[in-house]
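What follows is one structure encoded as structure tokens, with my remarks underneath.
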Amino acid sequence: MKRVCKLTIGTLGLLFLGVVLAAGDAFAQTAKDLAGTWTLVSSTTEKDGKTSDTWGPNPKGILILDAHGHYVAVGVRADLPKFASKNRTTGTPEENKAIVQGSVTHFGTFSVNAADKTMTFKIETSTFPNWNGIEQKRAFTVTGDELKITAPGSGGGTLTAVWKRAK
């Protein structure tokens, strides 16, 4: 005697929904899944038990990840001073200090390890030269159009950056 298992469309739908919900962040598994342009929502640094806004209250930034594993990342304070001389190469010591302390940029290649939910950035060049040529492993999570990355901060401590996928 044959036993026939009947599943209704509703049961199949619930089963599919359960699989999707259980997968959660599992869809962002590869560099191709993360590929695109992301804009900075917030950036905080935890250092010595204190948390502060890394790039001030309204940070500006962009993270571009391509499907071939190349990236560029920029983080900037929104309130950077303009150069009085109107010439980038003749800034005052105070203007130069504000720019250096209020921004960082780096680019290179990246890879994704889905098993431990980390990205490894191989930094080719950075405006913080101590990072040139090094690799940094960074924890990440993806929830919908939000990418959250935890990384060593260029000013010490631990940085948590929240990015939103650009539309």
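Taking the Cα centre of the range 47-167 as origin and assigning +1 to Lys and Arg Cβ atoms and -1 to Asp and Glu Cβ atoms, the resulting dipole is close to 200 debye. Dividing the alpha-carbon radius of gyration of the range 33-165 by the rule-of-thumb value 2.2 N^0.38 Å gives 1.08.
Taking the Cβ-Cβ separation of residue 72 and residue 96 as r and a Förster radius of 22 Å, what is the calculated FRET efficiency to the nearest 0.05?
Working: r = 23 Å, r/R0 = 1.03.
Efficiency, rounded to the nearest 0.05: 0.45.
Loop-resident trypsin sites (Lys or Arg not before Pro) (DSSP state other than H, G, I, E or B) in the range 71-108 with no more than 11 further Cβ atoms inside 10 Å of their Cβ: 82, 86. Candidate cross-link partners of residue 167 among the aspartates and glutamates, defined by an alpha-carbon separation under 14 Å and a same-chain spacing of 8 or more, comprise 145, 146.
What pairs in 117/148; 60/97; 50/82 have C-alpha atoms more than 20 Å from each other?
Too far apart for the 20 Å limit: 50/82.
We did not get these values from a lab; they are worked out from the coordinates using the rules stated. The model shown is predicted, which means the values in this text are computed figures rather than measured ones. Methodologically, a virtual Cβ is constructed for each residue, glycine included, from the backbone with ideal geometry; neighbour enumeration extends over all protein chains shown.
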